[in-house]
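Data block below; observations after.
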Amino acid sequence: MTYCLGIINRFGIVMGSDSLTNAGVDYTSIYQKLFDFSVAGERVVLICCSGNLSITQGVLTRLQRDIQNQEEENLYTLPSMYELAEYVGSKSREIQNKERPWLEKDKIDYSCNFLLGGQIKGEEPHLYLIYTQGNYIQATRETPFLQIGEAKYGKPILDRTITPETPLQAMAKCALLSIDSTMKSNISVGPPIDLVMYEVNTFVLRHTLRLRLGAPYLAKIRKLWEESVREAFEAMPNIEWNNEEEELNQEDVFID
């Protein structure tokens, strides 16, 4: 399992991922899941992937070969993020259609998902979630973040923190805490953590970070976050068990 997320608002885009891949508790390995296909000064294109590793690697290889072979349609030539989302979805379908019969024969899950985020000159930044089937949804002002992989543990902090007006640095900090919360609750998600922050209309990726196991900053924010959550919990008022207005009336009690 893996965990990747993207957050977008008027200030820019933050994307992050873990790097742990597992095929059982006794077989784990490290694979990069966040990739940069940017062209400085022209476009910033970021892709995160989750799911069947052979499928996602096949898709990424196909994307890279299209660039190297200067195909008419590739990540460097398509004129909009919308068309890039369609293009990545179509490449995903191609690889899956090729490998599906053999994977299904051995009952291997071939599903995969991608996050595509960035900005091309002449349009606003966009963030897409591309499903296994190749279709996609777009992040909006009302839903400014998208997740793939083991999403449930890292979602509460995003729900409570991220707004259209959240500063970019705060978005990055929230993304990192979301990944750390997932690692705390699920051993199949783990470092190195890759994090990128893109400032709108700069068309260059200036802020990138890789945090490996034991990184001092990662240990520091985990400790501070756990202390802060514990303090907030202890500050919560106790339950008022004897509130007469909430007592059950005798007629509300049913016995089988």
### Query
Would a scan of the stretch 147-167 turn up a residue that is within 21 Å of residue 114 (Cβ to Cβ), in contact with a Gly (Cβ under 6 Å, 6 or more places away or on another chain) and surrounded by 19 or more Cβ atoms within 10 Å (Cβ to Cβ)?
no
### Query
Only one of 33, 107 is under 28 Å from residue 190 (Cα atoms), more than 16 Å from the chain's Cα centre (by Cα) and basic (Lys, Arg); which?
107
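Every residue, every condition in (1) modelled with pLDDT of 95 or more; (2) under 22 Å from residue 137 (Cα atoms); (3) in a helix (DSSP H, G or I), yes or no:
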{"site": "65", "(1), (2), (3)": "yes, no, yes"}
{"site": "79", "(1), (2), (3)": "yes, yes, no"}
{"site": "94", "(1), (2), (3)": "no, yes, yes"}
{"site": "101", "(1), (2), (3)": "no, no, yes"}
{"site": "104", "(1), (2), (3)": "no, no, yes"}
{"site": "107", "(1), (2), (3)": "no, no, no"}
### Query
In the stretch 40-64, how many are small (Gly, Ala, Ser) and farther than 18 Å from residue 206 by Cα?
4
### Query
Hey, among 55, 8, which residue is part of a helix (DSSP H, G or I) and either aliphatic (A, V, I, L, M) or modelled with pLDDT under 90 (or both)?
55
## Note on the structure
Expected single match for more than 19 Å from residue 110 (Cα to Cα) and aliphatic (A, V, I, L, M) among 59, 39 is 39
### Task
Spot the failing condition for residue 144; the list is (1) closer than 21 Å to residue 210 by Cβ; (2) out of contact with any helix residue (DSSP H, G or I) (no Cβ under 7 Å at 6 or more places or on another chain); (3) surrounded by 13 or more Cβ atoms within 10 Å (Cβ to Cβ); (4) in contact (Cβ under 8 Å) with a residue 60 or more places away in the chain, and only one is missed.
(1)
### Query
Are there any pairs, at least 6 apart or on different chains, whose C-beta atoms fall under 6 Å, with the first in the stretch 224-253 and under 22 Å from residue 177 (Cα atoms) and modelled with pLDDT of 65 or more and the second surrounded by 10 or more Cβ atoms within 10 Å (Cβ to Cβ) and of a type outside the set (S, T, N, Q), and if so, which?
225/177
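Condition check: surrounded by fewer than 21 Cβ atoms within 10 Å (Cβ to Cβ), more than 13 Å from residue 52 (Cα to Cα) and not basic (Lys, Arg). Does residue 119 satisfy that? Walk me through it before giving the result.
On the way: surrounded by fewer than 21 Cβ atoms within 10 Å (Cβ to Cβ): no; more than 13 Å from residue 52 (Cα to Cα): yes; not basic (Lys, Arg): yes.
Answer is no for this residue.
Looking at residue 31, is it in contact (Cβ under 8 Å) with a residue 60 or more places away in the chain and touching a Ser or Thr at 6+ places or on another chain (Cβ under 6 Å)?
Numbers: in contact (Cβ under 8 Å) with a residue 60 or more places away in the chain: no; touching a Ser or Thr at 6+ places or on another chain (Cβ under 6 Å): yes.
Against the criterion (in contact (Cβ under 8 Å) with a residue 60 or more places away in the chain and touching a Ser or Thr at 6+ places or on another chain (Cβ under 6 Å)), residue 31 does not qualify.
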### Query
Here are some conditions: (1) in contact with a helix residue (DSSP H, G or I) (Cβ under 6 Å, 6 or more places away or on another chain); (2) over 25 Å from residue 10 (Cα atoms); (3) without any contact (Cβ under 8 Å) to a residue 40 or more places away in the chain; (4) among the hydroxyl-bearing types (Ser, Thr, Tyr). Residue 182 meets all but one. Which one does it not meet?
(3)
### Task
State whether one or more residues within the stretch 198-205 are of a type in the set (Asp, Glu) and not in a helix (DSSP H, G or I).
yes
### Task
Mind listing just one residue for me: the one in the stretch 176-196 that is surrounded by 18 or more Cβ atoms within 10 Å (Cβ to Cβ), in a helix (DSSP H, G or I) and of a type in the set (Ser, Thr, Tyr) and, of those, nearest to the chain's Cα centre (by Cα)?
178
### Query
(1) under 30 Å from residue 83 (Cβ atoms); (2) crowded, with 17+ Cβ neighbours inside 10 Å: which one isn't true of residue 111, the others all being true?
(2)
### Query
Of the residues in the stretch 65-89, how many are over 22 Å from residue 202 (Cα atoms), exposed (fewer than 14 other Cβ atoms within 10 Å of the Cβ) and touching a residue at least 40 places away in the same chain (Cβ under 8 Å)?
0
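The values are calculated or read from the model by the stated rules, or taken from the named source; none is laboratory data. Every value quoted in this text rests on a predicted model; they were computed, and no experiment measured them. Positions of Cβ are generated from backbone atoms using ideal geometry, with glycine treated the same way; all protein chains shown enter the neighbour counts.
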